[in-house]
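Everything below concerns the one structure shown next.
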Amino acid sequence: MGIIEQAKTDGLIFDGAMGTMLIFEGLKGGKASEFWNLEKPDVLRNIHKKYFDAGSDVVTTNTFGASSIKLARAGLGEQFSEINETAVRLAKSVAGKGKYVAGDIGPTGEILQPYGTLSVSQAVDCFAEQADCLTRAGADLLIIETMFDVNESILAIRGVRSVSSLPIFATLTFKETKTGFATVMGNRVEESMTALVEAGASAVGANCTIGSDAMIRLAERIRESVEVPVIAQPNAGKPETKGADVIYPEDMEYFSDNIKKIKALGVEIVGGCCGTTPDYIRRIAEKIR
């Protein structure tokens, strides 16, 4: 059974936050977390193992910011291939039978022309380069996540499809406004989800920015707009600043209760984003299985 078939029949549980876990391990702000793939591989391997042990069917590689554009900006351009390939190997090394590794592809951090400087060809090439590296290293699927511009996500799908036949999961990040949910670029739910499917995504949905309560309302809109599997990975609430710390207010009981409600809408794929940990995933698994 392939991962899409498994999503449709049994559902899938993704992991929770990577950044939150790395901060717990001592990662300081201003440093590219992807360098820890090389500098502290045991830390990454242990995080992936904790998520698998908690009940995750899929873990996500520590490559969200590992595009050639972002790594060059961080002074790590020459280590692009090593960082991405190592990330996949670390996750695969603790993936047991029936477990999957998703190669993580995030936004470039640049704005597309004509509003910014990033050209279509540069974006497609950047995404293709990372997708090729993650695919060759052994990823089971690719997830294009936390995109705030559906056009960049579509270009990412185009880049992936030029070099890889792996399943593509694509998630945008939305805010809830008085007129409904939209990305910061103004992309609406139905139109953007349909566009991602038409571009070639195997599963679509939303992650980050909003908490699990708002995700219930958003997930219902997404589920109604497409027929492919839907993925929902909310934050553990809206972040709050306490001194120098960023706190996510939703505890694992509240969060997992809301994930159960999201599952009841017919959403096949669930997990967590910022502020969630293996404990959150464990409670989700206990409640929906």
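The numbers here are math on the coordinates, done by the rules we state, and not lab data. What you see is a predicted model; the values in this text were computed from it and never measured. Methodologically, a virtual Cβ is constructed for each residue, glycine included, from the backbone with ideal geometry; neighbour enumeration extends over all protein chains shown.
Please compute the net charge surrounding PHE255, taking Lys and Arg as +1 and Asp and Glu as -1 over other residues with Cβ under 12 Å from its Cβ. If you can, show how the numbers build up before the last one.
Numbers: positive: LYS260, LYS261, ARG282, ARG283, LYS287; negative: ASP213, GLU250, ASP251, GLU253, ASP257, ASP279.
Combined, the nearby Lys, Arg, Asp and Glu give -1.
Is the C-alpha gyration tensor of region 1-138 telling us rounded, prolate or oblate? Criteria: a/c under 1.5 is rounded; beyond that, a/b larger than b/c is prolate, otherwise oblate.
Numbers: a/c = 1.96, a/b = 1.35, b/c = 1.45.
It comes out oblate by the Cα gyration axes.
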message = How far apart, in nanometres, would the label points at GLU78 and GLU227 be if each is projected 7 angstrom from Cα along the Cα-to-Cβ direction?
response = 5.2
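If the only charges are +1 at each Lys and Arg Cβ and -1 at each Asp and Glu Cβ, what is the size of the charge dipole of the chain around the Cα centre, to the nearest 20 debye?
360
Over the chain, what is the percentage of antiparallel beta bridges among all DSSP beta bridges, to the nearest 5? Numbers along the way, then the final one.
Details: 7 of 32 bridges.
Counting only bridges with both partners in the chain, antiparallel ones make up about 20 percent.
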inquiry  = How much length would be gained if the chain were fully extended between ILE247 and LYS175, taking 0.36 nm per residue of separation minus their Cα-Cα distance, in nm to one decimal?
reply    = 24.0 nm
The chain: relative contact order as a whole-number percent, Cα under 8 Å and 6+ apart = 19
note = Ranked from fewest to most other Cβ atoms within 10 Å of their own Cβ, MET252, MET21 fall in the order MET252, MET21
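Rounded to the nearest 500 deg cm²/dmol, what is the calculated helix-only ellipticity per residue at 222 nm for the chain, with -39500 (n - 2.57) per DSSP H run of length n ≥ 4?
Numbers: 12 runs with 129 residues, N = 289.
The per-residue figure over the chain is -13500 deg cm²/dmol.
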query = In region 142-267, what percentage of the DSSP-assigned beta bridges are antiparallel, given to the nearest 5?
reply = 35
message = Rounded, prolate or oblate for region 55-114? Axes are the square roots of the Cα gyration tensor eigenvalues, ordered a ≥ b ≥ c, and the cut-off for rounded is a/c under 1.5.
response = oblate
message = What are the ³J(HN,Hα) couplings of region 10-24, residue after residue, when phi is run through the Karplus curve with 6.51, -1.76, 1.60 and θ = phi - 60°? Round to Hz, x for glycine and proline.
response = 10, x, 9, 10, 7, 7, x, 6, 8, x, 4, 5, 5, 5, 4
key: HN-Hα J in Hz across region 131-141 - Karplus 6.51, -1.76, 1.60, θ = phi - 60°, x for Gly and Pro   = 4, 5, 5, 5, 5, 5, 6, x, 4, 8, 7
ask   = Can you pick out the pairs among LYS50/LYS260; LYS175/LYS263; LYS97/LYS260; LYS70/LYS238; LYS40/LYS92 whose Cα atoms lie more than 19 Å from each other?
value = LYS50/LYS260; LYS175/LYS263; LYS97/LYS260; LYS70/LYS238
message = Please compute the contact order of region 126-246 in relative form: average sequence separation of alpha-carbon pairs under 8 Å and at least six residues apart, divided by the residue count, as a percent.
response = 23
request  = Report the residues of region 245-260 in range of a label on GLU286: point 7 Å along Cα→C-beta, backbone N strictly under 12 Å from it.
outcome  = 252-254, 256-257
task = Could you give the size of the charge dipole of region 1-90 about its Cα centre, using +1 on the Cβ of each K and R and -1 on the Cβ of each D and E, expressed in debye and rounded to the nearest 20?
result = 300
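When the dipole is taken about the Cα centre of region 1-54, and only Lys, Arg (+1) and Asp, Glu (-1) are charged at their Cβ, what size is it in debye, to the nearest 20? Walk me through the intermediate numbers first.
Values: 7 positive and 8 negative charges, 38 e Å.
So the magnitude is around 180 debye.
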ask   = Going by the alpha-carbon gyration tensor, a ≥ b ≥ c the square roots of its eigenvalues, is the chain rounded (a/c under 1.5) or, if a/c is not under 1.5, prolate (a/b greater than b/c) versus oblate?
value = rounded
request  = Return the FRET efficiency for the residue pair THR117, LYS31: r is the Cβ-Cβ distance, R0 is 25 Å, and the value is rounded to the nearest 0.05.
outcome  = 0.50
remark   = Residues whose built amide H sits under 5 Å from the amide H of ALA32, excluding neighbours closer than 5 in sequence, are none
